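Chemist: After the structure tokens below, expect a handful of questions from me.
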Amino acid sequence: MTFDSDTNQNRIAAPIGITMGCPASIGPEIVLKYHQSSRAGLHMPIVVIGDIGVLEKCMHGLGLDLVLRSWRPGSKVDHAAVNVFEESGIDTGQFTFGCPTPETSRAMATYVERGVMLSRNNEISALVTCAISKLSLNQAGYEFPGHTELLASRTGAKRVAMMLAGSTLRVVPATIHCPLSRVVSLLNREDLTGLIELVAERLQEDFGIDFPRIGVAGLNPHAGESGLFGHEELEIIAPAVAEAQKRFRQTAEITGPYPPDTVFYKARCGRFDAVVAMYHDQGLIPFKLLHFDDGVNVTLGLPIIRTSVDHGTAYDIAGQGIAGISSLNSAILLAQTMAVHRAGKSC
């Protein structure tokens with residue numbers, strides 16, 4: 001995932017914004033480690049939306065040597081420093097990494113809120129989010145199950161989807177956080193058609209793929225074996241594929257349903273640019289087998305660009321200096337690529 005052109009680079013003046021995630025998580029650590037790294041492939045400035053005091057405590061605890069600098073929209077980004085939009089002022093004397101509190105929960109949510117505002121005002125070109133705790137989000141008074149729903153609400157997005165993106169595989173599940181027993185009842189032709197069309201649009205607009213190839217997985221073994229092992233392929237999935245094909249007949253290749261045990265291998269070998277899976281683990285098991293360390297969570301359908309690390313808060317190792325930055329690095333580089341493609345489309 002690389003920056004595509006010097007021309008587009010000049011068109012994008014706003015930095016990439018990174019929300020720190022839960023202050024008690026590994027978020028502060030990976031943000032600091034990323035700034036200490038070579039940041040290979042990054043050509044855009046970055047700013048952190050978070051808490052400068054927490055970052056300072058983390059920096060000293062890890063023995064890192066970095067400069068922390070307050071930043072506000074319109075001011076210059078100091079490339080030799082960690083530029084921080086200070087959104088909270090947590091009492092670090094009463095704060096312990098790995099131990100979330102009501103204060104850290106509220107702060108965690110405000111970073112996301114601020115990131116949306118900065119994105120909507122074009123003061124940052126893309127939003128990269130570090131991990132939050134869904135439980136802490138609820139305890140902070142938010143009734144959303146996670147980032148995606150909060151971002152959709154704040155941006156007014158009508159249809160959103162979660163894509164897991166890596167260098168060899170991109171997966172979009174049609175159903176996400178629900179019991180496996182509810183998957184069949186949640187699948188319907190209209191929603192699946194809309195999802196497939198959204199994936200095709202975003203691959204073109206955000207990933208710069210002029211003629212995307214999308215493989216749609218079946219639900220049942222052998223993709224139902226012509227109804228022998230289930231009728232969802234015949235009644236829901238195949239009609240949704242056919243409907244999406246009508247709209248993108250000249251601009252994308254949309255095929256399926258394919259047997260779930262072969263479609264991801266085909267995608268890994270280059271046959272597809274993305275796979276639409278029917279449920280969470282159907283898509284995420286093969287994805288994490290290939291991209292456990294460097295996978296990126298992308299929210300499709302937002303008016304802003306949002307990528308995220310594909311891991312959790314990891315409270316059990318927070319502040320210990322052992323968290324890796326591969327996923328954050330990939331999320332930042334993908335956000336940069338998406339920002340370039342959107343800028344190119346708008347010019």
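Chemist: Answer yes if at least one residue in segment 120-136 is surrounded by 15 or more Cβ atoms within 10 Å (Cβ to Cβ), of a type in the set (Gly, Ala, Ser), over 16 Å from the mean Cα position of the chain (by Cα) and in the same structural domain as Lys57 (by TED's automatic domain parsing), and no otherwise.
Modeler: yes
To keep it simple, each residue is scored yes or no on (1) touching a residue at least 60 places away in the same chain (Cβ under 8 Å); (2) in contact with a Gly (Cβ under 7 Å, 6 or more places away or on another chain); (3) outside any helix (DSSP H, G or I).
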| position | (1), (2), (3) |
| --- | --- |
| Val112 | yes, no, no |
| Pro145 | no, no, yes |
| Arg154 | no, no, no |
| Met162 | yes, no, yes |
| Glu190 | no, no, no |
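Chemist: Here is a follow-up. Anything in segment 164-173 that is assigned to a strand (DSSP E or B) and either hydroxyl-bearing (Ser, Thr, Tyr) or within 11 Å of the chain's Cα centre (by Cα) (or both)? List them, or say none. Walk me through how you get there before you give the answer.
Modeler: Here is the first cut: in segment 164-173, the ones assigned to a strand (DSSP E or B) are 164-165, 170-173.
Selection gives Leu164, Ala165.
Chemist: So, in segment 257-308, of the ones that are assigned to a helix (DSSP H, G or I) and basic (Lys, Arg), which residue ends up farthest from Gly115 (Cα to Cα)? Write out each step before concluding.
Modeler: Taking segment 257-308 as the starting set, the residues that turn out to be assigned to a helix (DSSP H, G or I) are 260-268, 280-291.
Subset that is basic (Lys, Arg): 266, 268, 288.
Details: Lys266: 37, Arg268: 33, Lys288: 27 Å.
Checking each candidate, the answer is Lys266.
Chemist: Quick one: which of Glu113, Glu86 is more than 21 Å from Leu334 (Cα to Cα), modelled with pLDDT of 95 or more and in contact with a strand residue (DSSP E or B) (Cβ under 9 Å, 6 or more places away or on another chain)? First the steps, then the outcome.
Modeler: On the way: Glu113 fails: in contact with a strand residue (DSSP E or B) (Cβ under 9 Å, 6 or more places away or on another chain).
That would be Glu86, the only listed residue that is more than 21 Å from Leu334 (Cα to Cα), modelled with pLDDT of 95 or more and in contact with a strand residue (DSSP E or B) (Cβ under 9 Å, 6 or more places away or on another chain).
Chemist: Only one of Arg306, Arg342 is basic (Lys, Arg), in the same structural domain as Pro23 (by TED's automatic domain parsing), closer than 21 Å to Gly146 by Cβ and in contact (Cβ under 8 Å) with a residue 24 or more places away in the chain; which?
Modeler: On inspection, the qualifying residue turns out to be Arg306.
Chemist: For segment 204-263, give me each residue that is crowded, with 19+ Cβ neighbours inside 10 Å, aliphatic (A, V, I, L, M) and more than 25 Å from Gly301 (Cα to Cα).
Modeler: Passing the criteria: only Ala223.
Chemist: If a residue has to be part of a loop (DSSP other than H, G, I, E, B), modelled with pLDDT of 95 or more and surrounded by 18 or more Cβ atoms within 10 Å (Cβ to Cβ) to count, how many in segment 316-347 make the cut?
Modeler: Total meeting the criteria: 3.
Chemist: Working only within segment 315-330, note down all residues that are at negative phi and either among the small types (Gly, Ala, Ser) or within 17 Å of the chain's Cα centre (by Cα) (or both). Steps first, please.
Modeler: Start the filter on segment 315-330 by keeping residues that are at negative phi, which leaves 315-318, 320, 322-330.
Answer for segment 315-330, where residues must be at negative phi and either among the small types (Gly, Ala, Ser) or within 17 Å of the chain's Cα centre (by Cα) (or both): Ala318, Ala323, Gly324, Ile325, Ser326, Ser327, Leu328, Asn329, Ser330.
The values are calculated or read from the model by the stated rules, or taken from the named source; none is laboratory data. Fair warning: this is a prediction, and the values are worked out from it, not measured in the lab. Positions of Cβ are backbone-derived with ideal geometry, glycine not excepted, and every protein chain shown enters the neighbour counts.
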